[in-house]
Amino acid sequence: MAAKRRVADSSDEEGDYSPDVTPAKKAKREDTEQPQSRKGKAKARQEESDEEDEEEVKEEEGEDADKKFEEENEDAIRAAVQRKSRHQGGVAEMGIIESLEMHQFMCHKYLTFSFGPQVNFIIGHNGSGKSAVLSAITVALGGKATSTGRGSGLKSFIREGQPVSEVSISLKNQGEEAYKPELYGKSIVITRRFTKEGSSSYKIKSKDGRVVSTKREELAAICDHMNIQVDNPMNVLTQDSARQFLSASHPADKYRFFLKGTQLQQLSDEYDTCLENISSTAKVLQSRKEGMSDLRQAFKEASAKFEEASKAREQKHKADELKKELAWAHVAAKEEEMKKKIGEHEKLKRRLEKLQAEMDSAEMAFRAASEQVTLLESQIAELGDMDDLNSRKAELEEQLKGNRKKISEFKVSD
């Protein structure tokens, strides 16, 4: 493992870019480049250096925040460590098996156990089902059937002649490091049910029997939090594993068993995975950095287009507002013109009424004059003198013609 890490470190060092060491040929080629190209590369290097400076500032700010948090909570951290040290050697508050219940499991029709807080011994004659208890614990906590050494599948654990089997285990969940105590309470009950057809299901319940989850991922999270590894021989040591360990004569096999029992093998695998992730992440980061200049240019172009589009939208909005104002201006002008025409119409109407009254008066005067003329004519006829009456009649007729002409002219102008 250490050798792998050294090789990875050396490869990372070889892949790093050193700005202080530059081949002579490369320097000469750069001198012959166009000034605009050198200017663009210098700008890109300046942007990369700015990004590195920002990252360093963020790291320093994070370190300052961590130091500040430690200073502010120093007493609380020390008290928590002291409380934990006082509990060492005592009864664990989390991850202890409180009880086990089996239904139609292996040779047991129904069997239940209530375990003590520390060491428990299960005794019985050969074939009484002691190993079945250990297998039930492994199966209930999500272990594989092959790891128990008692069967090749879950179907082999179902009692003879029965279609389904069920195993329930209760884990203690107390103390400061309890797993989601607000959901599960002081105990976590895990029930696994499997059938002859090969189906298997989980129910993870709280202390009061409420089902919180049915997912295997939740069970894996619980076991990881409580540091329970059913496939680890240091947690669950079956007869076959013990026999294999005692009979193994090759040191390499014992060493592998030791690595597995102390979780060093798991730690080594996790280190390898971390190194692979770091290497792949570094490659992705490098490729992303190489594309940053193009992305910045695309961002600038997109920003410029966005600004142009924003200005165009603003101008369009202004044009729409001006069109609305113009339309209302036309309406206002027409309304003003209409008001003016209505005023003129009212004025002419009043004038017409006045002229009509004058005409009516003239007609009445004409009729009265006609009657008078007739009377006078009769009188003249009687008297024989018509000159005065004819002149009077002519005047009245001229006056009547003038009034009629005024009325006709007014109607034509209206």
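Scan segment 143-198 for residues that are crowded, with 17+ Cβ neighbours inside 10 Å and among the acidic types (Asp, Glu) and the total you get is 1.
Only one residue in LYS305, LYS260 is assigned to a helix (DSSP H, G or I), out of contact with any Lys or Arg (no Cβ under 7 Å at 6 or more places or on another chain) and surrounded by 12 or more Cβ atoms within 10 Å (Cβ to Cβ). Which one?
On inspection, the qualifying residue turns out to be LYS260.
From the list SER165, SER156, SER170, the one residue that fits, being in contact (Cβ under 8 Å) with a residue 60 or more places away in the chain and out of contact with any Asp or Glu (no Cβ under 9 Å at 6 or more places or on another chain), is SER165.
Of all the listed residues (ILE222, ILE278), the sole one being in the same structural domain as THR138 (by TED's automatic domain parsing), surrounded by 10 or more Cβ atoms within 10 Å (Cβ to Cβ) and either under 19 Å from THR138 (Cα atoms) or at pLDDT 85 or above (or both) is ILE222. Among the residues of segment 275-298, count how many are closer than 30 Å to PRO233 by Cα and under 29 Å from the mean Cα position of the chain (by Cα). The qualifying residues number 1. Within segment 329-352, residues that are within 28 Å of ILE407 (Cα to Cα) sit with their Cβ atoms under 8 Å from residues that are exposed (fewer than 10 other Cβ atoms within 10 Å of the Cβ) and small (Gly, Ala, Ser), at 6+ positions apart or across chains, in these pairs: LEU348/SER413. The strands (runs of 3 or more DSSP E) falling completely within segment 175-226 that include 1 or more residues that are at negative phi and in contact with an Asp or Glu (Cβ under 7 Å, 6 or more places away or on another chain) map to 187-195, 200-205.
The values are calculated or read from the model by the stated rules, or taken from the named source; none is laboratory data. Note that the structure is a prediction, hence the values are computed from the model and not measured. Positions of Cβ are backbone-derived with ideal geometry, glycine not excepted, and every protein chain shown enters the neighbour counts.
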